[in-house]
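What follows draws every value from the coordinates through simple rules; no lab data is involved. It should be emphasised that the depicted structure is a prediction, and the values quoted were computed from it without experimental measurement. Cβ placement follows ideal geometry from the backbone for every residue including glycine, while neighbour counts extend to all protein chains displayed.
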Amino acid sequence: MRPFFLGFVVAFLLSGALGRPLIMLLSRWGGRQTINPDAPERHRAKQGTPTMGGLLILAGLVASCLAYVMLFTDDRPLSAFTIGWGRGQTAIIGLLALTLLFGAIGFTDDMLIAKRGHNLGLKARYKLAAQLVVSIIFIGWIAHDEIPGRTTLLVWWPGHDADVGIWYYPLAVLFIVGLSNAVNFADGLDGLAGGMALLIAIGLGAVGFAVCQLAWIPLYAGGIAGGCAGFLLFNQHPARIFMGDTGSLALGAALAGLAIMGKAEMPAILCTLVCWSELISVIIQVISFKTTGRRVFRMTPLHHHFELIGWSETQIVNRFWAVTGICVATAIVISRFYP
């Protein structure tokens, strides 16, 4: 797992070093958070906090990918600063492109919110359309180049897999878009989304490497985890910066893409159960209110429901982290039994 630590250290050092300068820059430029008026009352104190902190995570991730390109080729370590190009470089650059394009969608949304001064950025249909287009291009590229090998293969359990054929492609697109928005909904409390993404990245790095034995998979996971760790230095309660859609949409896409290319889609669903619960709570609430006029939860996404029943912000974050950690640990233990 040395590639994981390389990616983690490079991303952590860069994102941590850039934290203070970015906070100052965003404060001067006016890139501040606009709190939704429907959010719980105690969120009013967060009004004006610099946002778009996902740039820290992305900067660290890009740096770790560059380190891979310089030190590895065809997933075999080379001497330091030896530049080569192989299948591993192609894979990691493709996944980085997916991540950065989703980050660009989020950045556009954050920019519009900051400029307009109210919580209305890109229209939902435009944001979703952009996510679908990027995801379709990414999955089409994977299918054409067969980067993960048997692209349409799903590993359900150690020693048990199935080739789902053409159905894999729309499911993979929905998986990327769904997880991206699930992480986006989970980004509502100080440290919540960043901490969960860090744990999930560790899990996917371990599981993906167990399945594929490719060095770039744990390195990319380490880049995500290290970027999140550096970001959390400034996002822990009380947060001095928020990741915004710039970070949350990018992180969700990065984790989904990593799972797809590491053939760890099913373990990824286990690792990300808490994120999916945030998304599903919103869907349930909307369907219930539109069909019956009643709300199932006091407020959605799910973390707001727990706020309104009396849990403190740090209690929610710590407990959601703990559940995510248990899910990740379970996925890693199961992966040890892969043949």
Assigned charges on the beta-carbon of Lys, Arg, Asp, Glu; the range 286-339 dipole about Cα centre (debye): 240 debye
At R0 = 45 Å, FRET efficiency that the Cβ-Cβ distance of Arg298 and Ala17 yields, to 0.05: 0.65
Formal net charge of residues neighbouring Cys228 (Cβ-Cβ distance under 14 Å; K, R +1; D, E -1): -2
Per-q log10 I(q)/I(0), the range 119-272, q = 0.12, 0.13, 0.16 Å⁻¹ (Debye; single scatterer per alpha-carbon; no solvent): -0.51, -0.60, -0.88
Among Gly94, Gly178, Leu192 - extreme Cα towards positive end, dipole of the range 2-335, charges at beta-carbon: Leu192
Peptides ranked, highest mean first, by Cβ atoms within 10 Å: ranges 311-323, 279-291, 224-236: 224-236, 311-323, 279-291
Relative contact order [Cα under 8 Å, 6+ residues apart], the range 2-335, whole percent: 27 percent
Net charge contributed by nearby residues that have their C-beta within less than 11 Å of Leu112 (K/R +1, D/E -1): +1
Hydrodynamic radius (Kirkwood) for the range 2-335, which is based on Cα pairs only, to one decimal in Å: 19.9 Å
Sequence of Leu273, Leu192 once ranked by neighbouring C-beta atoms within 10 Å, starting from the fewest: Leu273, Leu192
Dipole magnitude of the range 2-335 about its Cα centre (Cβ charges: Lys, Arg +1; Asp, Glu -1), debye to nearest 20: 880 debye
Pairwise FRET efficiency - His160 versus Trp29, Cβ, R0 = 41 Å, nearest 0.05: 0.20
